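The values are calculated or read from the model by the stated rules, or taken from the named source; none is laboratory data. Everything numeric here is computed off the predicted structure, so don't read it as measured data. Heads up, the Cβs are rebuilt from the backbone with ideal geometry, glycines too, and the neighbour counts pull from every protein chain shown.
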């Protein structure tokens, strides 16, 4: 069997496997929440005893440097004003104990991730957190702003930039840095700069030399699986 036929066959096998898995999952899907089994409850209770959950230093650290909350409670709206993303929906009450169905460490991490808004990291460095699944960082250079990892989508990146500009001097963006090839680190770039900005030399985009290839490979693999 030549490589071409082998590749086509492997794609068929992967697609069928994924499809069968989705059918199985659908068959067991339900909208009703179920109580944790006795085993799950016991595991989570034992886990809660294994770590110092009374130590709240992480929460103090996560809130350090807070400047302002997300605009419009993190809501993104379509052209008609209808909400299609609510960042606040992903917030957890930071004082609520973990339910029996959730690992207490994962619950705590979700509580920390829900601490959102504009933050000062250090002198001349600021972050918007919670507007998307990743953080966007603004470095205030001598001639303009350097942006690191402009989130997943243009609307979320623009909302983060608007929040930053409402609280900091509106200097021009002179550079954008992509730290790696995950979509949440570059997907929203057109919400803060345009292709014309890059072509004219107004903005410099800095990325790893392998970023395009890695991101393309990842998308190709997922298309095969899905």
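At-a-glance table
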item: Flag if residue 156 is touching a residue at least 60 places away in the same chain (Cβ under 8 Å) and closer than 27 Å to residue 111 by Cα; result: yes
item: Members of segment 99-145 that are buried (at least 18 other Cβ atoms within 10 Å of the Cβ), more than 17 Å from residue 189 (Cα to Cα) and touching a strand residue (DSSP E or B) at 6+ places or on another chain (Cβ under 6 Å); result: 116, 117, 118, 119, 126
item: Residue list for segment 182-194, restricted to those being in contact with a helix residue (DSSP H, G or I) (Cβ under 9 Å, 6 or more places away or on another chain) and either more than 19 Å from residue 76 (Cα to Cα) or without any contact (Cβ under 8 Å) to a residue 40 or more places away in the chain (or both); result: 182, 183, 186, 187, 189, 190
item: Pick from segment 146-172, criterion in contact with a strand residue (DSSP E or B) (Cβ under 8 Å, 6 or more places away or on another chain) and surrounded by fewer than 15 Cβ atoms within 10 Å (Cβ to Cβ), ranking: nearest to residue 82 (Cα to Cα); result: 166
item: Subset tally (residues that are free of Cβ contacts under 8 Å to residues at least 40 places away in the same chain, surrounded by 10 or more Cβ atoms within 10 Å (Cβ to Cβ) and over 15 Å from residue 121 (Cα atoms)) for segment 51-70; result: 1
item: Residue 171 being part of a loop (DSSP other than H, G, I, E, B), modelled with pLDDT of 95 or more and farther than 30 Å from residue 43 by Cα; result: yes
item: Close pairs (9 angstrom Cβ cut-off, 6 or more residues apart or separate chains): farther than 13 Å from residue 182 by Cβ in segment 195-216, modelled with pLDDT of 85 or more and in a helix (DSSP H, G or I) anywhere; result: 202/196; 203/197; 204/198; 205/189; 205/198
item: Criterion violated by residue 201 - all others in (1) in a loop (DSSP other than H, G, I, E, B); (2) more than 25 Å from residue 65 (Cα to Cα); (3) at pLDDT below 95 satisfied; result: (3)
item: Scope segment 79-98; condition out of contact with any strand residue (DSSP E or B) (no Cβ under 6 Å at 6 or more places or on another chain) and in contact (Cβ under 8 Å) with a residue 40 or more places away in the chain; matching residues; result: 87, 90, 98
item: Those strands (runs of 3 or more DSSP E) lying entirely in segment 52-164 with at least 1 residues modelled with pLDDT under 95 and farther than 21 Å from residue 178 by Cβ; result: 75-77, 83-86
